[in-house]
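The values are calculated or read from the model by the stated rules, or taken from the named source; none is laboratory data. Source: prediction; values computed, not measured. Backbone-built Cβ (ideal geometry, glycine too); neighbour counts: all protein chains shown. Side chains are part of the model used for accessible areas, which takes the heavy atoms of the whole protein and leaves out ligands, DNA and RNA. Shrake-Rupley method; radii C 1.70, N 1.55, O 1.52, S 1.80 Å.
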Amino acid sequence: FTICVMHHVPATQWQQFSSEMRRILKPGGLAVVFEHNPFNPLTRRIVTDCVFDRNAVLLRPAKTKELLSGAGFSDVTARHILTIPAANRLLRTVDRAFSLLPVGAQYYVKATA
């Protein structure tokens, strides 16, 4: 898994990064990529203002799915997360209900090697 790493990798190396993830996994292994959601205005603002993210390029979920598919992964799916603070069971349920909408602060793409 990677957690908010790929947006720090130069865009010209995204496919190589994805292919390396596929190479090191056993057949049937699970890859999960967590990234910041570029469709969320607050996320974009935070990334823009963060010195550490100065050269970061946010990946859209569709791009991340494309990269993993291109690397040979199957069953590639995406979900948005962190739409609301998940402080209790009810709020976690609401967060899951919104997971297909591009409103969460982050998203993840999971895929099978």
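Within segment 42-72, the set of residues being assigned to a loop (DSSP other than H, G, I, E, B) and under 15 Å from the mean Cα position of the chain (by Cα) comprises Ala56, Val57, Leu58, Leu59, Arg60. The residue that is surrounded by the fewest Cβ atoms within 10 Å (Cβ to Cβ), counting only those in segment 19-50 that are closer than 24 Å to Val103 by Cα and aliphatic (A, V, I, L, M), is Leu42.
Checked against the criterion of being closer than 25 Å to Val103 by Cβ, open to solvent by 60 Å² or more (accessible area, probe 1.4 Å) and not β-branched (Val, Ile, Thr), segment 5-18 has at least one qualifying residue. Consider segment 51-63 and keep the residues that are open to solvent by less than 30 Å² (accessible area, probe 1.4 Å) and at pLDDT 95 or above. The one that is farthest from Val5 (Cα to Cα) is Pro61.
Close Cβ contacts (under 8 Å, 6 or more residues apart or on different chains) running from residues in segment 31-46 that are touching a residue at least 12 places away in the same chain (Cβ under 8 Å) to residues that are of a type in the set (D, E, K, R) and part of a strand (DSSP E or B) comprise Ala31/Lys110; Val32/Lys110; Val33/Lys110. Just for segment 64-93: of the residues that are without any contact (Cβ under 8 Å) to a residue 24 or more places away in the chain and surrounded by 13 or more Cβ atoms within 10 Å (Cβ to Cβ), which one is nearest to Ala31 (Cα to Cα)? That would be Glu66. When segment 71-102 is filtered for residues that are at pLDDT 85 or above and closer than 14 Å to Thr43 by Cβ, the ones remaining, listed by number, are His80, Ile81. Would you check which residues across segment 94-112 are within 13 Å of Val33 (Cβ to Cβ) and buried (at least 19 other Cβ atoms within 10 Å of the Cβ) and list them? Once the filter is applied, which keeps residues that are within 13 Å of Val33 (Cβ to Cβ) and buried (at least 19 other Cβ atoms within 10 Å of the Cβ), segment 94-112 yields Tyr107, Tyr108, Val109, Ala111. Applying the set (1) assigned to a loop (DSSP other than H, G, I, E, B); (2) modelled with pLDDT under 90 to Phe39 leaves exactly one unmet item: (2). Of the residues screened, Ala97 is not one that is within 30 Å of Pro27 (Cα to Cα) and of a type in the set (Gly, Ala, Ser).
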